[in-house]
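Worksheet: one structure, shown below.
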Amino acid sequence: MAMAALTGDDEIELLLSQMGGGDEAVATPNIIATTTAAKKEKERPAKRKKKKKRKRDTSNEVKDVSTTFADTRLTQNPFEWPCCHKNGHRRLVLGAGLAHDCNRFTCDNEAKPTPCKSCGKSAAAHELCISSPDTKKTNDDDLFSVISIASMIVSSRNARCLMAEYYANESEKHRRHLSPPMNSIASASKLIINKLDCNIGKILAKVKKMESNISSSVPISSSDVDLLREKVSVLVKTTIAYKEAIKATSSSNTNTTKAAGLALIEARLAAMAACDEVYYRCYYASFFFGSSDQEGLTSLVPHPPTYFTCPGLAWDAQDSGVCSLAVFLGEMKHDGHSSNSLAAPLDDATRELLLNSWCLQERLPSSTALLEQSNPLLTLWQSRFLESLRHIWTTRYAFVKSPDALKAALNMKHCDDHSDPLIRHETYGLSPEAETWRGSIRDYPANFYGYAVPSQQALEAVSELLDNEDSIVEAGAGTGYLSALLASHLKKDRSGTVLPYDIIPPRQANAGADVSSNEYHGQVPTFIDVHQAQSFEQAQSMLTSTDANVSLILCYPPPASEMAAVALSQYIVYDGKTVIHVGEWQGMTGNNAFESMLLNNFNCSEKDTIPLPLWGTDATYLTIWRRKSVNNVSTQTVSPAIGYCSASQCRNIARRRCRFARCLQYCSADCFRTHVAVRKAILAVHLLHLSPSNDMDFENVNHFVPLSWITGHHDQHGGQSRKKRKRKKHHR
């Protein structure tokens, strides 16, 4: 059933009635481990619900605490359950089974929950609850408190786990074509639906009350509440669609089984993505609470790497994630299928890239590596990749859907207006729902951390490049995530410094909320002190030592401006020797003027090109460029990282780029044909499955876009009409 946007109280009441919500479903109880506690919570006197709202100025409060919620982003271990950083108390606890018979979750190690000792099911299949730290009543009545925000995260988590950890036991017939998510549990469809209604109803009712009580004295702005309401509206609609898909699979006949199974997976992906949108909106709001709330935030609001990685929080990341990777690698069979039938066609180089360069080997049971916090964005990427394998690869959705996706792309109409950025840069997926899932995985980490995932190999390459006295200036640093990692990665006894700058830095970690918003990162607190500067020249003058060699870093410079070209031209005048570029050549970063300037003044050797983890949208590389001189006679690389053909041994400029995996580009149909084995491997990493009868058409613009559409447009328009990277709205 289609639902319009939430436009008024009458419609909210209608949605509440459909989702099983209402006034009694407004708040998550402080302790929800038993039915008795939940009942007592409902029986609170009415006057407590009318508690007067807090009135306080939060603009300077965060300055008074030594360790803020934002500070813990680089110290919170994502593999362990979040807790208060002072006393180790855990406020998020596990209760009864979500949709199976288990009275209470029990395990030996609360920090790293293993399957429940009572029922043997994963922690993710149990209800997430909020526990009170003492016998005092908490301020859950306050709609704009930390607990209120946390209760919405809890309800959205419980809803996504009902979608991911269970499947309707009436749909067994669909296993001939598609499989349930790895390690998911059979349960009655009616029970799953009722529990979904309960959790979504709680979120919807709380947002309704927040809208009615918003004021300038609360830490959450009216625009943030409006955005939260928008995300909850999408969550309601996608959940209704998911419930309808469950019913359809349970009642479908043999002739419609395959279609119903595909629709169920697609509805699940869309609804889970909507749950994550609600989580991220609540997470963003958490940055604006005052000093008295900081301790509670660390134990109630997990940072994204923890939320999607810690066993049993957002999903069964430990067991199901590892098993999904093992199936993908061909080391394990699943749901009656042999290990070979679901194994990805990985060549040695691609397997090496995944397991070692991008550190997925550390997530396998056989690994002896110590899992710890060092690069949270890389950990987050790993966890989301594993979860995508679970829902798209091991369910056989990629196998069944890939032929349809390739055929649908061939039949798409394309516009002859090559200046349209949506045509030139659009990356296709298996389906609109799969693209929504991919976007939810990629967009928010880009906003909250950075647009590229620096691997350990990339960080080491930059560190080895620098002498003890060398300094680094990062232009357009955004949140400063990359600079923060480099600063901690470099030797502490070195005299050089890391100086990130931005024209409008996002909100500093110790600043108030009354500051300008960064276009791409809103007011997300920075990971390091990001200086405000209008140019490289101004930033360079801030260095403590003017005699030091200075390297310039440009990480995902915006494609819709001349920023990268201007910064590079000033660096050349400064007589700079080394440029580190992170991004996509002839694509989503920089422009033609910037790339031409690099090629004319610097060399990049083969060993200085490092492929970075892929979100499925861009082709991201870290490349190191050294100034051309009489002494520097290194040979320019012919890597795809700077526009050359992907086929090995080919030294020609690429002519076409793949619509489904942008790191695949070829100069000719001959190179396209000889590269078939590697292409299958790379497409599998993008969750597209190719078979002998299911290949791509190199000459079709809907499978391979001509790169002349990009370079020609640059030459004509100077790169000013380039597509902006998709970003999430941040108000304030």
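Screening the stretch 277-306 for residues that are under 30 Å from residue 402 (Cβ atoms) and hydroxyl-bearing (Ser, Thr, Tyr) and picking the one that is surrounded by the fewest Cβ atoms within 10 Å (Cβ to Cβ) gives 280.
Residue-wise test of (1) more than 22 Å from residue 646 (Cα to Cα); (2) under 31 Å from the mean Cα position of the chain (by Cα); (3) among the hydroxyl-bearing types (Ser, Thr, Tyr); (4) open to solvent by 20 Å² or more (accessible area, probe 1.4 Å).
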site: 531; (1), (2), (3), (4): yes, yes, no, yes
site: 536; (1), (2), (3), (4): yes, yes, no, no
site: 548; (1), (2), (3), (4): yes, no, no, no
site: 584; (1), (2), (3), (4): no, yes, no, no
site: 595; (1), (2), (3), (4): no, yes, no, no
site: 601; (1), (2), (3), (4): yes, no, no, yes
site: 604; (1), (2), (3), (4): no, yes, no, no
site: 607; (1), (2), (3), (4): no, yes, no, yes
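Regarding residue 539, is this residue over 30 Å from residue 281 (Cα atoms) and either part of a loop (DSSP other than H, G, I, E, B) or not β-branched (Val, Ile, Thr) (or both)? Judged against the criteria, residue 539 is a match. Entry remark, the stretch 163-182: residues being modelled with pLDDT under 90, part of a strand (DSSP E or B) and within 20 Å of residue 324 (Cα to Cα) number 0 in total. Under the condition of being closer than 21 Å to residue 352 by Cα and either touching a His at 6+ places or on another chain (Cβ under 9 Å) or among the β-branched types (Val, Ile, Thr) (or both), the residues counted in the stretch 646-662 number 5. Answer yes or no: is there a residue in the stretch 635-646 that is part of a loop (DSSP other than H, G, I, E, B) and modelled with pLDDT of 95 or more. Yes: the stretch 635-646 contains one or more residues that are part of a loop (DSSP other than H, G, I, E, B) and modelled with pLDDT of 95 or more. Quick check on residue 667: is it out of contact with any Asp or Glu (no Cβ under 8 Å at 6 or more places or on another chain), more than 29 Å from residue 552 (Cβ to Cβ) and modelled with pLDDT under 95? The answer is no for residue 667. The residues of the stretch 460-480 that are in a helix (DSSP H, G or I) and open to solvent by 10 Å² or more (accessible area, probe 1.4 Å), listed by number, are 460, 461, 463, 464, 465. Every condition in (1) in contact with a strand residue (DSSP E or B) (Cβ under 9 Å, 6 or more places away or on another chain); (2) of a type outside the set (Phe, Trp, Tyr); (3) part of a helix (DSSP H, G or I); (4) more than 16 Å from residue 395 (Cα to Cα) holds for residue 306 except the one numbered (1). Residues in the stretch 650-702 that are under 20 Å from residue 430 (Cα atoms), open to solvent by less than 20 Å² (accessible area, probe 1.4 Å) and small (Gly, Ala, Ser): 661, 681, 684.
Apart from one condition, residue 585 fits all of (1) outside any loop (DSSP other than H, G, I, E, B); (2) of a type outside the set (A, V, I, L, M); (3) touching a residue at least 24 places away in the same chain (Cβ under 8 Å); the exception is (1). Quick one: is residue 212 without any contact (Cβ under 8 Å) to a residue 12 or more places away in the chain and farther than 26 Å from residue 168 by Cβ? The answer is yes for residue 212.
Across the stretch 613-637, the qualifying residues are those that are closer than 21 Å to residue 662 by Cα and in contact with a strand residue (DSSP E or B) (Cβ under 6 Å, 6 or more places away or on another chain), and the one among them that is most open to solvent (accessible area, probe 1.4 Å) is 621. Of the residues making up the stretch 558-594, just one is in contact with a helix residue (DSSP H, G or I) (Cβ under 8 Å, 6 or more places away or on another chain) and acidic (Asp, Glu), namely 562. Every test in (1) modelled with pLDDT under 95; (2) under 30 Å from residue 389 (Cα atoms); (3) open to solvent by 40 Å² or more (accessible area, probe 1.4 Å) is passed by residue 195 save one, and that test is (1).
Confirm whether residue 265 is outside any helix (DSSP H, G or I) and in contact with a helix residue (DSSP H, G or I) (Cβ under 6 Å, 6 or more places away or on another chain). So residue 265 fails the test. Quickly run through the stretch 638-649 and pick out the residues that are buried (at least 22 other Cβ atoms within 10 Å of the Cβ) and aromatic (Phe, Trp, Tyr). Once the filter is applied, which keeps residues that are buried (at least 22 other Cβ atoms within 10 Å of the Cβ) and aromatic (Phe, Trp, Tyr), the stretch 638-649 yields nothing. Scan the stretch 384-394 and tell me whether some residue there is touching a Phe, Trp or Tyr at 6+ places or on another chain (Cβ under 8 Å), in a loop (DSSP other than H, G, I, E, B) and at positive phi. Within the stretch 384-394, not a single residue is touching a Phe, Trp or Tyr at 6+ places or on another chain (Cβ under 8 Å), in a loop (DSSP other than H, G, I, E, B) and at positive phi.
Considering 248, 274, the condition of being open to solvent by less than 20 Å² (accessible area, probe 1.4 Å), in a helix (DSSP H, G or I) and small (Gly, Ala, Ser) is satisfied by 274 alone. For the stretch 560-567, the criterion of being of a type outside the set (Asp, Glu) and modelled with pLDDT under 90 is satisfied by at least one residue. If you go through the stretch 317-333 and keep only what is of a type outside the set (A, V, I, L, M, F, W, C) and open to solvent by 10 Å² or more (accessible area, probe 1.4 Å), you end up with 318, 319, 330, 331, 333. Going through (1) at pLDDT 90 or above; (2) within 28 Å of residue 300 (Cα to Cα); (3) in a helix (DSSP H, G or I) one by one, residue 223 falls short only on (1). What is the number of the single condition among (1) assigned to a loop (DSSP other than H, G, I, E, B); (2) touching a residue at least 24 places away in the same chain (Cβ under 8 Å) that residue 119 does not meet? The one condition residue 119 does not meet is (2).
The values are calculated or read from the model by the stated rules, or taken from the named source; none is laboratory data. Bear in mind that the values here come from a model prediction, so they are computed numbers and not experimental data. All Cβ positions, glycine included, derive from the backbone under ideal geometry; neighbour counts span all protein chains shown. Ligands, DNA and RNA are stripped out before the accessible areas are found, and what is left, the full protein with its side chains, is counted by its heavy atoms. Shrake-Rupley method; radii C 1.70, N 1.55, O 1.52, S 1.80 Å.
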